[in-house]
């Protein structure tokens, strides 16, 4: 018979990772996952691995991002509020299809006392980022609609609108205002509010109940921007007010539209001072 070990669940995580070939761990102490950090600090140096105790969860997840981008097996761990801080970088890793192990050790409360919100971390892990907010999606929610337009290999434009403006008249006016209707082909999903567009410009419809891509007809460009916008807001700002939502949307459009600029910081400073 093999040797029997009496270990904690956190230590079992460590043994499992090492036996699976993990040789790189980046983490920051937070209860109740401190034993994971202690395990790797003790065991990884014995087998030539790399252990880094970071100054924050943000550093942990970004170091993990860099490590897995090189192709090595690496992991981190956290809990509750620490896992919330990792959301933006987790979204970027998912966007780049990078495999990584992130252990979220569940606790009884959110960090300010034993309030017994035991399902908080569960909702985060299985349904996306945030701090217990509703994860319902689509037009049938109480969330503020944001309409966006993306030029292939070009710029993004997006703005928050009122729900009552999601109709044929208002959306058609928005298209006329932002798109060259004489020299462009507009591709949308099957939402009925877009149905009047075909009367004044070429319009193709992607029926997402049946397919997502048909040759050059797809909405993946704007969908990718929505992923960055939503995960960025949830992971970086956690929650924004309706009053300032347009400014956050403008920020993400600006970052997306200028992402290839070599000196984006310098460009931003120049615009700020009016140069």
*Using a simple spin-label model with points 7 Å from Cα along the Cα→Cβ vector, what separation in nm is obtained for residue 269 and residue 15?*
5.5 nm
*In percent, how large is the relative contact order of the chain, given Cα pairs closer than 8 Å and 6 or more residues apart?*
14 percent
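I want the antiparallel fraction of DSSP beta bridges within the range 146-269, as a percent rounded to 5. Intermediate results must be reported in sequence, preceding the final value.
Working: 6 of 10 bridges.
The antiparallel fraction comes to roughly 60 percent.
When ranked by the protection proxy of mean other Cβ atoms within 10 Å per residue, highest first, what sequence do the peptides 182-189, 99-106 form? Let's see the in-between values first.
Working: 182-189: 14.0, 99-106: 16.8.
Those peptides, ordered most packed to least, come out 99-106, 182-189.
Would you work out if the range 23-115 is rounded, prolate or oblate? Take a ≥ b ≥ c from the square roots of the eigenvalues of the alpha-carbon gyration tensor; rounded if a/c is under 1.5, else prolate when a/b is larger than b/c, oblate otherwise. Each step should come with its number before you reach the end.
Details: a/c = 2.38, a/b = 1.21, b/c = 1.96.
In terms of gyration-tensor shape, oblate.
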*For the chain, find the longest principal axis of its Cα atoms and tell me its angle to the long axis of helix 34-43, 0 to 90°, nearest 10.*
60 degrees
*Rounded to the nearest 500, what is the chain's calculated 222 nm mean residue ellipticity when only DSSP H runs of at least 4 contribute -39500 (n - 2.57) each, over all residues?*
-11000 deg cm²/dmol
*Give the label of the value calculated from the structure for volume of the Cα convex hull per residue in Å³, choosing from (i) 208; (ii) 91; (iii) 138.*
(i)
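Taking other Cβ within 10 Å of each residue's Cβ, how do 219, 81 sort, fewest first? Working shown, then result.
Details: 219 19, 81 16.
So the ranking, lowest neighbour count to highest, is 81, 219.
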*Angle, helix 245-257 long axis vs. longest principal axis of the chain, Cα atoms, 0 to 90°, nearest 10?*
90 degrees
*When DSSP assigns beta bridges and you keep just the ones with both residues in the chain, what percent turn out antiparallel, to the nearest 5?*
30 percent
_Degrees between helix 220-232 axis and first principal axis of the chain (Cα, 0 to 90, nearest 10)_ = 50 degrees
*Please order 46, 143 by the number of other Cβ within 10 Å, starting at the fewest.*
46, 143
*asked:* How high is the relative contact order of the range 14-61? Use alpha-carbon pairs under 8 Å, at least six apart in sequence, and give a whole percent.
replied: 46 percent
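What percent do you get for the relative contact order of the range 148-251 when only Cα pairs under 8 Å and 6+ apart count?
26 percent
Values quoted throughout were computed directly from the atomic coordinates according to the rules given, and no laboratory measurement underlies them. Keep in mind it's a predicted model, so treat the numbers as computed, not measured. All Cβ positions, glycine included, derive from the backbone under ideal geometry; neighbour counts span all protein chains shown.
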